[in-house]
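Bear in mind these aren't lab numbers, they're just calculated from the coordinates by the rules spelled out. What you are looking at is a predicted structure, and each value in this text was computed from that prediction instead of being measured. Glycine gets a Cβ as well: all are built from the backbone with ideal geometry, and neighbour counts include every protein chain shown.
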């Protein structure tokens, strides 16, 4: 089955007992950096590469703007990160952790995968293994990436080199579940490569490594995880709309339902970020190309993508009911990142909320203590970011992203920013007691 | 707040220290019978009522066709069940556990609730409490049932009597989670009644009793539990359709995805019964009357309601690919009830599967060992039920409802019913090893 070339290459990897394995991690973001630091501990020759020069220089300076790895980890890898691919020629095990976003039409943008594959292809040698970690639709690794590798290397998969897929399961900002203690799924184009990939990840993942039946199965497993989460949140978001019409507090209902052992305790909210709100579109894109319209998944996407408009309308209605003039009142949004305690703003739905409120002619400020360093970047985009909020200034405040810092400051801090107690505190995610806010979902 | 009448009535209940409380359970099906038996242990005067004379006579004979309660429990209650409401006049605490189905247009059929409320209303006295357990849309107890009680009693709620809502959480056929060890939600129209209702359930529920914020909240909590389950299964069913187009085995994907700590392990399948496939329609019915079209919930319902057609088409395609003549081949469906190990056939989707296969002109037999006693009822409806399957008879077999009995007999029993090994064993729920079947979802 496997050719002599393949066998020789992989044998070299395995005989070196892995410890001298030259690994290259391509893409040093939320996924790549933690992976690089863990690999580096076990495989000292591991290097990291990113086309983003600024990011690489930052890492060389032992600074991680994503807040994902420790100072010690940065010490370990700071000399091994590059924005030039010169080190690729010594590597035989490539791991691709580039982003897989969607464009403005919610269509998968595979350019980062394309460029990474092209680059690796131009360095690929006999026996090498390329593992993709980026979330894609089932089939993308073999149908899209592999031909690029083959074209740029002149080599043939499963004869000259091997590929694999191991979905990343990084949860940005999560301090409990980190790379080593999240079970890792691996798959490969042939069994020899699968054994090698398994052996590599086995060294760094304490939670265990699971061999999936095929690359497509591993790709599918990843994309459905976030699709399931997205759909479950969309149900709760839909319920908030229904219960609002019935004058029922959704959080009361969720609390009562949660007393059943098998109720799934999802909360309503804005679904942003580069995963949950994006991954389902990869699956639906592929499904539609095969002639199937995924109505459940896309119904969920519609609810979640339109939810910022609903949230905005709730605030506007409340302001008008309380006889506030929208034109002359000021609103403060607390939190702008796509999730709590994480400085990532990619695909944040707070932007949609801000834009929608601005369309009602409301004057909105944004305050996010996690983004003080990058405040000028956001201001340049025309967003009214502020460095610190002034007391008794706002007619309405939305706690959109409840960073720990906001919770620690307590509800009195937030209320102190309102002009008076008739003003509206919209506790979007029902963080504080019901009596402490006058609006929630 | 509470009137003298109300206070006196409830005081009587509480002062009797509950033990002499005369409770009446209306509706003695899957929900009412277990409730009656538990109440009877703590409140010896409790009686049960059902308009179904056959069911009552069966219970008097200490036979329970639903298999939900023990012989000892039947001994305890057999003298206290009636199909005439004569005993109502001594009761002051009524619990309504009648069915709440949908009609052929998937519109809630509230007739059982109507009739039960009318009957109770005609017996209602000062201080009485009426608790509803039937699953309804939020608002139904107060907007629909209460006016019937008031009209037929001439009494006023919260002045002369009280109402409450405590959603049933019975899981038919479940031997682990039984009435006493499932936390119970209670709610009431006033605080005095809430305390009484809490006290009554507290005596029989060891898992604890939870006071919901209002009757509407308790109604909503129940209806979303099954809506959530229905939607999650619909997602997996949609995924099977997508993965089938990609030549991916869904069960392989689910196994890989389940290695993530927070993946929710739902399985594809037919969603029937009187709860999961029905309750969401109660919620969407009410939502639509308020002007909101619940697109996520109804997308899920569409997938699940149409799933039998999809399952049928999979079998027909497989038969044709294997060059079987549909006209001249015989199919056996194993299992007909709406779920495993439970003789309940209400709203079973196996009927839809049977009808759809018959529409392809396939000759289909049904074998369900749990329905041997009622086989003639099913035959009268024109269904080809058989008492026991013959060996080497079928070109295809669908294991639709994997009762423990089928699993215990093993795959060799099932395969022995096929004409030869080229024939198709469709392991719908992937109960046996992948290699043991030649078709699954």
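Structure summary
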quantity	calculated
Counting DSSP beta bridges with both ends in the protein assembly as shown, the antiparallel % (nearest 5)	10
Mean ellipticity per residue at 222 nm, deg cm²/dmol - from DSSP H runs of n ≥ 4 across chain A, formula -39500 (n - 2.57)	-12500 deg cm²/dmol
Highest-MSF residue in chain B out of B:136, B:253, B:217 [GNM, Cα springs under 10 Å]	B:253
Considering only chain A, percent of DSSP beta bridges that pair antiparallel, nearest 5	10
Between the range A:256-313 and the range A:173-199, the Cα center-to-center distance that results, in Å	27
Relative contact order (percent, whole number), chain B, Cα cutoff 8 Å, 6+ residue spacing	11
Percent antiparallel among DSSP beta bridges (both partners in the range B:78-233, rounded to 5)	20
Sorted by Cβ density within 10 Å, fewest first, the residues B:227, A:284, A:175	A:175, A:284, B:227
Whole-angstrom gap from the range B:21-70 to the range A:237-252, using each part's C-alpha centre	36
Nearest beta-carbon to the B/A symmetry axis - residue in chain B, distance in Å	B:299, 2
Surface/4 of the Cα convex hull for the range A:228-436, nm²	13.0
With 10 Å bins from 0: P(r) over the range B:4-212, alpha-carbon pairs, percent	9, 37, 39, 14, 1
Rounded tilt (10° steps) of B:279-289 against the dominant C-alpha axis of chain B	70
C-alpha long axis of helix A:111-121 to longest principal axis of chain A, angle in °	20
For the protein assembly as shown, the Rg and Dmax computed from alpha carbons only, in angstrom	31.0, 95
Crossing angle, helix B:32-42 versus chain B [Cα axis fit, 0-90 degrees, rounded to tens]	50
Candidates A:425, A:406, A:93: whichever shows maximal mean-square fluctuation once chain A is modelled as a Gaussian network with Cα springs under 10 Å	A:406
Estimated D of the range B:56-178 in µm² per second, where Rh is the Kirkwood radius over Cα pairs and Stokes-Einstein applies at 4 °C, 1.567 mPa s	81
Residue with peak Gaussian network fluctuation, chain A [Cα springs, cutoff 10 Å], from A:120, A:414, A:397	A:414
Relative contact order %, the range A:1-150, counting alpha carbon pairs below 8 Å whose residues are six or more apart	25
Evaluated at q = 0.07, 0.08, 0.10 Å⁻¹: base-10 log I(q)/I(0), Debye formula over Cα of chain A	-0.40, -0.52, -0.77
